[in-house]
Amino acid sequence: MPELPEVETTRRGIAAAMTGDCIAAVVVREPRLRWRLPGEFAAQLRGQSIRAVRRRAKYLLIDLERGCLIVHLGMSGSLRVLPAMTIALKHDHVDLILNSGACLRFNDPRRFGSMHYTTEAPEQHALLRKLAPEPLENDFNAAYLAAKAKRRKVAMKQFVMNGNLVVGVGNIYASEALFRAGIRPSRRAGRVKKAEFAKLVKAIKTVLSAAIRSGGTTLRDYVNAEGTPGYFRQKLFVYDRKGQPCRKCGTAIRQIAQGQRSTYYCPTCQT
DNA sequence: ATGGGCACCTGGCTGC
DNA sequence: TGCAGCCAGGTGCCCA
């Protein structure tokens, strides 16, 4: 499900309710997430106060007194802040009960999401250690991306979704950014010009920022911490618009498969 | 190092 | 109505 804008929207929503509070209890109804939660998971978190809620790539980092809870929402996960004692429904796998009475509830039908408790710096965790720059930071720029693309044969769509090159750009925003940059998703990275990378970097930053302002994109399950959907779907140019007219030129949007994922593009606007 | 494909899992939709 | 098949916002891992 969630790409960077949806994870950032979730972060902002849960941070206010969590920061400064303390974890009174942890309820694990289903430990079989992408990685099985260890038996001691609840005990590790219990009694710890919450220092901050940060984000790195699509991971949420919940800083505690003595460690960090690393959360990933996978394809279908959500985190909501609910009143205490709210009845649990299907796929409500984990609750963090806070001293305030609030309940942070992790729901994830497909269980591709994950939770890890670590006492080392979360950036050093095996899952985060090798991640590329954040797309909205200054070290993600045209010179950087163009250098990474040299002699690479991979298609641009897969190139921008590679978390070793830039993080946070998933299947929706990869198609959207390439549209805004006027680049065909099937082009080989090594053949794209420096000036086009400049447009692409700008497009990635613009589309992710705009999506955050709209509270993310909801296709099916995504909801923010208040349980409401994101509104960026109305502003998508190509994603999930197969056969519909391009919002710039009217040409029918095409859908192709790349690496077993759907890609959408305009055959006129993108060359 | 790079690129390609599969795996993990549930649910919703389509078409017969 | 039932059921098979396909598709879905991610990413770690294995193989060539």
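The values are calculated or read from the model by the stated rules, or taken from the named source; none is laboratory data. What you see is a predicted model; the values in this text were computed from it and never measured. Neighbour counts are summed over all protein chains in view; Cβ atoms, including those assigned to glycine, are modelled from backbone coordinates with ideal geometry.
Applying the selection to region A:153-176, what residues are assigned to a helix (DSSP H, G or I) and under 11 Å from the mean Cα position of the chain (by Cα)? Correct list: A:ASN171, A:ILE172, A:TYR173. Considering region A:39-63, and only residues there that are in contact (Cβ under 8 Å) with a residue 60 or more places away in the chain and not in a strand (DSSP E or B), the residue that is farthest from A:LEU79 (Cα to Cα) turns out to be A:GLN44. Considering only residues in region A:68-115 that are touching an Asp or Glu at 6+ places or on another chain (Cβ under 8 Å), small (Gly, Ala, Ser) and assigned to a loop (DSSP other than H, G, I, E, B), the one that is surrounded by the most Cβ atoms within 10 Å (Cβ to Cβ) turns out to be A:GLY77. Note on region A:222-271: residues that are in contact with a Gly (Cβ under 9 Å, 6 or more places away or on another chain), within 16 Å of DNA strand B (Cβ to nearest atom) and in a loop (DSSP other than H, G, I, E, B) total 3.
For region A:41-84, taking the residues that are modelled with pLDDT of 95 or more and in contact with a Cys (Cβ under 6 Å, 6 or more places away or on another chain), the one that is farthest from DNA strand C (Cβ to nearest atom) is identified as A:SER49. Listed by first and then second residue, the pairs with beta-carbon distance under 8 Å, at least 6 apart or on different chains, first residue in region A:76-93 and β-branched (Val, Ile, Thr), second more than 11 Å from DNA strand B (Cβ to nearest atom) and not in a strand (DSSP E or B), are A:VAL81/A:GLY13; A:VAL81/A:ILE14; A:VAL81/A:ALA17; A:VAL81/A:MET18; A:VAL81/A:ALA102; A:VAL81/A:ALA225; A:VAL81/A:GLU226. Among the residues of region A:180-187, none qualifies, meaning not one is assigned to a helix (DSSP H, G or I), in contact (Cβ under 8 Å) with a residue 24 or more places away in the chain, touching a strand residue (DSSP E or B) at 6+ places or on another chain (Cβ under 6 Å) and within 11 Å of A:GLN270 (Cβ to Cβ). Does A:SER214 fit the bill of being within 15 Å of DNA strand C (Cβ to nearest atom), surrounded by fewer than 18 Cβ atoms within 10 Å (Cβ to Cβ) and either in contact (Cβ under 8 Å) with a residue 40 or more places away in the chain or not assigned by TED's automatic domain parsing to the domain that holds A:ARG11 (or both)? Judged against the criteria, A:SER214 is a match.
Within region A:130-164, the set of residues being under 17 Å from A:PRO185 (Cα atoms) and among the aliphatic types (A, V, I, L, M) comprises A:LEU145, A:ALA146, A:ALA149, A:VAL154, A:ALA155, A:MET156, A:VAL160, A:MET161.
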